[in-house]
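The values are calculated or read from the model by the stated rules, or taken from the named source; none is laboratory data. Everything numeric in this text was worked out from a predicted model, so none of it was measured. Note that we place each Cβ from the backbone using ideal geometry, even for glycine, and neighbour counts take in every protein chain shown. Ligands, DNA and RNA are stripped out before the accessible areas are found, and what is left, the full protein with its side chains, is counted by its heavy atoms. Shrake-Rupley method; radii C 1.70, N 1.55, O 1.52, S 1.80 Å.
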Amino acid sequence: MINYDKKKWKDSKFLDILFVVLFSICVCAYAFQVCIPRGFTDDDWGIANYFAGVLDPEYATPYNKFISVLLGWAMYAMYQILPGPNWFVIIEEAIVVISFMVIQYMLIRKLRKHVSFIWAYFYSAAFVLSIEQSFVCRTQFSQTAIVGSITGVLLILFSYGKNKAGVTGGIALAVISCLYRPGGFELILPFIGICLLFGFWSKREGKSLKKHIKSWLRDQRNLLAILGILCVFCLAVIRLNTAIFNSDYYKEYNEFNAARASVLDYAKAPYEDIAEGLAKIGVSPNDYTLITSWAIADKSFITTELLQEIAKLEPRSSATTLPTLKEIQEYFLGFKNEGNVYNGLFFMMLIILAGVVILDFRHMAITAPVFAVITIAIEIYFRARFPSYIRTGLLYTVIVTALFLTDFSVLGKLRGKWLLHMAIGTGIFVILFPLGNKYFNENKGVFQYNMDGLAMYQYMNGRSEDVFIIPTGDAGGLPSLRDSYSIFQETQPGIYRHTVGLGGWSTNMPWINELYSKWGIDYPMRQIADSNVYLLASSVKLSDLQQYVLEHDQKETTASLTAVEYGTTIYKVTDRELPIIEKEFALIENASIAYDSVYDTYDIQVDFECKNVSGDHARLFIVLTDNMDNNGYYMVYGGHDMPLSVGEGNAVAKIPSSAIVGEVFRVNLMVQSEDGNCLNTGDSVELQIPSVPVQ
């Protein structure tokens, strides 16, 4: 018979760890079942998908869109050893889940000193359930870096002098988290300082300040050494990463990126407000629309100097200057916005700070207000540069640090009053859950991964001779790709191999430009009409980019919808001034027109008889000639690889309706192949385009 001490069993750390692990598994399993985890921003999605491309050695690089080169090297090695899993997101999720496990464990150990283990589990569970789901279902590398860094440091403080494994684990968690966004560690430094000051002051016990300083430094020298080394290491990572990115190789990119940030990372003025200044530097309304929507991939025009000039015209305060009274007022008025995910978490922080003052007035009466003031000051000071996902990391830091410092001894007075314990724990959950899990509540059951995105990548990779351009943030090709990756799916080889982005903070990064150049793409926004280039875009962005080419290259273009793959619209833009070889290869028998209300296109169908073709696969275009003998070339739907053979055939060109309205055209065909652009010289037919769409 096994003998055991019931009291020791109830007090065991093993039981606490077992509960935390099992509870975390249950929470994550439920959260992932009803609210699939996804990236908070395009950066997360881009990093995760871009990095999957390391499976192909030709395009493998440890610098894949990472702002942390060291993390890039570490991830690169992992993908080489075991390339299938989406390691970037898996480790990101692991950091968040482990952080909540650590926080819950520390809460339980603190509560156990004053209440039974059942109520310690109950209170800790109520807190974790009120916040964790949103964090695990909405990953973001900056948020992850902050969450993991502060949790690691708190674990060091909690374990020091009691558990070497805990100290080691805290160091590891902080270091790995720091790599995800080195700057995230800097954000938690004020709170580390408050924790040390709190510990220093709470142990003074009537000693003179001088004696207490000496004794405290002597007693805590090892802890201070550990924290000092950790801080030095993390700050060294920041400096090393900065040094790498400040090398000559990145010099031009850094200058461009700083100029880009000065324009795009702030609120943009309407064109009309600064029209005169923009006109003087040669920026048209269409240019400004594209630039401010992150279409900036044309280093021949959208240069560092141009962005600097635009920044000078934008009326704004620098993020590093003291805020104005108006900005302070706007900050507080922003909390009226119920749709802001961040606001709920902010109110949760205030409630918890008020709660810890009630629980531990002696220590927290000053500490809690200091936390609130520091948080608001940081928020206001950096408001223009702090997006919501960094704010959530900041608020997590405040909440868990406040709970870490709180003495829960007042709960010991409630021993035996289980109804009161139940009421308090339930109240914590009921009040805080809607605030801490605003994102989770709004998105559970709504979002589902669409794995068509991975199929879309494979489709593009199958067209190995073609290049696909995606305007950043556009509604055309982006959604199916963004919603495609999952931490539960293996990545696919060669992702992004033939895809060029027109924006994002990696624009003009040297290795990316080198990669594009291998595909013949040096000025993406000016090369949308190249023969092997296709646009994954909406019709609106398509029109803006055509206007850009017209204004800057005086190149008139036509465009047609050539494919819709997995919910993605793919357009072909073509230069009207193509060099032409005349050759009779088809007899045009008939042409008809219909309107497609789904894609807002005129669908022109041509029935023809092929008489003479070279090769059975080529790019096929319908040619529309106006009464001024100007040709427009419209690739037919599916015409990038059209099987042509002698005999009867038909083809449909889906042309944006706004491009051809109320005119009479002569209709013909053109084949684009290795022999050149062969315009059919056989007889054409006339076609009247309606002045309004015909249903």
| task | May I ask you to verify whether residue 303 is closer than 17 Å to residue 508 by Cβ, within 27 Å of the chain's Cα centre (by Cα) and touching a residue at least 40 places away in the same chain (Cβ under 8 Å)? | result | yes
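Conditions tested, residue by residue: (1) of a type in the set (A, V, I, L, M); (2) under 28 Å from the mean Cα position of the chain (by Cα).
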| residue | (1), (2) |
| --- | --- |
| 111 | yes, no |
| 114 | no, no |
| 130 | no, yes |
| 164 | no, no |
| Which pairs do you get when a residue that is free of Cβ contacts under 8 Å to residues at least 12 places away in the same chain, found in the stretch 75-94, comes within reach of a residue that is exposed (fewer than 15 other Cβ atoms within 10 Å of the Cβ) and β-branched (Val, Ile, Thr), reach meaning Cβ atoms under 8 angstrom, with the pair 6+ apart or on two chains? | none
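Results for (1) open to solvent by 10 Å² or more (accessible area, probe 1.4 Å); (2) at pLDDT 85 or above; (3) assigned to a helix (DSSP H, G or I), shown as yes or no for each residue.
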{"site": "24", "(1), (2), (3)": "no, yes, yes"}
{"site": "49", "(1), (2), (3)": "no, no, yes"}
{"site": "59", "(1), (2), (3)": "yes, no, no"}
{"site": "65", "(1), (2), (3)": "yes, no, no"}
{"site": "80", "(1), (2), (3)": "yes, no, yes"}
{"site": "94", "(1), (2), (3)": "yes, yes, yes"}
{"site": "104", "(1), (2), (3)": "no, yes, yes"}
{"site": "110", "(1), (2), (3)": "yes, yes, yes"}
| query | Applying the selection to the stretch 117-128, what residues are in contact (Cβ under 8 Å) with a residue 24 or more places away in the chain and surrounded by fewer than 20 Cβ atoms within 10 Å (Cβ to Cβ)? | reply | 117, 126
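Taking residue 151, is it open to solvent by less than 50 Å² (accessible area, probe 1.4 Å), touching a residue at least 40 places away in the same chain (Cβ under 8 Å) and touching an Asp or Glu at 6+ places or on another chain (Cβ under 7 Å)? Even if it seems obvious, please write down each step before you answer.
Values: open to solvent by less than 50 Å² (accessible area, probe 1.4 Å): yes; touching a residue at least 40 places away in the same chain (Cβ under 8 Å): yes; touching an Asp or Glu at 6+ places or on another chain (Cβ under 7 Å): no.
When the stated conditions are applied, residue 151 does not pass them.
Each row is one residue, and each column tells you yes or no for (1) under 25 Å from the mean Cα position of the chain (by Cα); (2) closer than 21 Å to residue 540 by Cβ; (3) free of Cβ contacts under 8 Å to residues at least 24 places away in the same chain.
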{"position": "254", "(1), (2), (3)": "yes, no, yes"}
{"position": "262", "(1), (2), (3)": "yes, no, no"}
{"position": "275", "(1), (2), (3)": "no, no, yes"}
{"position": "288", "(1), (2), (3)": "yes, yes, yes"}
{"position": "293", "(1), (2), (3)": "yes, yes, no"}
{"position": "296", "(1), (2), (3)": "yes, yes, no"}
{"position": "309", "(1), (2), (3)": "no, no, no"}
{"position": "332", "(1), (2), (3)": "no, no, yes"}
| field | Filtered residue count, the stretch 425-481, keeping only those that are farther than 30 Å from residue 127 by Cα and either of a type outside the set (Lys, Arg) or modelled with pLDDT of 90 or more (or both) | value | 31
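Are any residues in the stretch 112-127 more than 15 Å from residue 17 (Cβ to Cβ) and part of a helix (DSSP H, G or I), and if so, which ones?
As a first pass, look at the stretch 112-127 and keep what is more than 15 Å from residue 17 (Cβ to Cβ): 113-116, 118-119, 122-123, 126-127.
Listed by number, the residues that qualify are 118, 119, 122, 123, 126, 127.
Only one of these is under 24 Å from residue 455 (Cα atoms), of a type in the set (Phe, Trp, Tyr) and surrounded by fewer than 18 Cβ atoms within 10 Å (Cβ to Cβ): 571, 595, 599. Name it.
Details: 571 fails: surrounded by fewer than 18 Cβ atoms within 10 Å (Cβ to Cβ); 595 fails: under 24 Å from residue 455 (Cα atoms).
Just one listed residue meets the conditions, 599.
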| task | Please give the number of the condition residue 305 fails out of (1) within 23 Å of residue 149 (Cβ to Cβ); (2) open to solvent by 10 Å² or more (accessible area, probe 1.4 Å). | result | (1)
| note | Residues of the stretch 577-601 being in contact (Cβ under 8 Å) with a residue 40 or more places away in the chain, out of contact with any Ser or Thr (no Cβ under 6 Å at 6 or more places or on another chain), in a loop (DSSP other than H, G, I, E, B) and not aliphatic (A, V, I, L, M), in sequence order, are 579, 583, 585, 597, 599
| Which members of the stretch 320-365 meet the condition of being of a type in the set (D, E, K, R) and either open to solvent by 50 Å² or more (accessible area, probe 1.4 Å) or modelled with pLDDT of 85 or more (or both)? | 326, 330, 336, 338, 360, 362
| remark: By residue number, the members of the stretch 500-519 that are part of a loop (DSSP other than H, G, I, E, B), of a type in the set (A, V, I, L, M, F, W, C), open to solvent by 20 Å² or more (accessible area, probe 1.4 Å) and touching a residue at least 60 places away in the same chain (Cβ under 8 Å) are 505
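Hey, could you check the stretch 636-664 for residues that are in a strand (DSSP E or B) and closer than 19 Å to residue 573 by Cα and say which is modelled with the lowest pLDDT? Even if it seems obvious, please write down each step before you answer.
From the stretch 636-664, those in a strand (DSSP E or B) are 642-643, 647-656, 664; that's our starting set.
Those left that are additionally closer than 19 Å to residue 573 by Cα: 642, 651-656.
Working: 642: 78, 651: 91, 652: 94, 653: 95, 654: 95, 655: 94, 656: 92.
Top of the filtered list is 642.
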| query | Can you name the residue in the stretch 163-217 that is at pLDDT below 80 and among the hydroxyl-bearing types (Ser, Thr, Tyr) and is also nearest to residue 147 (Cα to Cα) among such residues? | reply | 202
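Name the residues in the stretch 529-556 that are hydrophobic (A, V, I, L, M, F, W, C) and touching a Lys or Arg at 6+ places or on another chain (Cβ under 9 Å), would you?
From the stretch 529-556, those hydrophobic (A, V, I, L, M, F, W, C) are 529, 533, 535-537, 540, 542, 545, 549-550; that's our starting set.
529, 533, 535, 549, listed by residue number.
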| query | Can you pull out the residues in the stretch 636-648 that are touching a residue at least 60 places away in the same chain (Cβ under 8 Å) and open to solvent by less than 20 Å² (accessible area, probe 1.4 Å)? | reply | 636, 639
| Residues satisfying the stated conditions in the stretch 227-245, i.e. in contact (Cβ under 8 Å) with a residue 60 or more places away in the chain and closer than 18 Å to residue 198 by Cα | 227
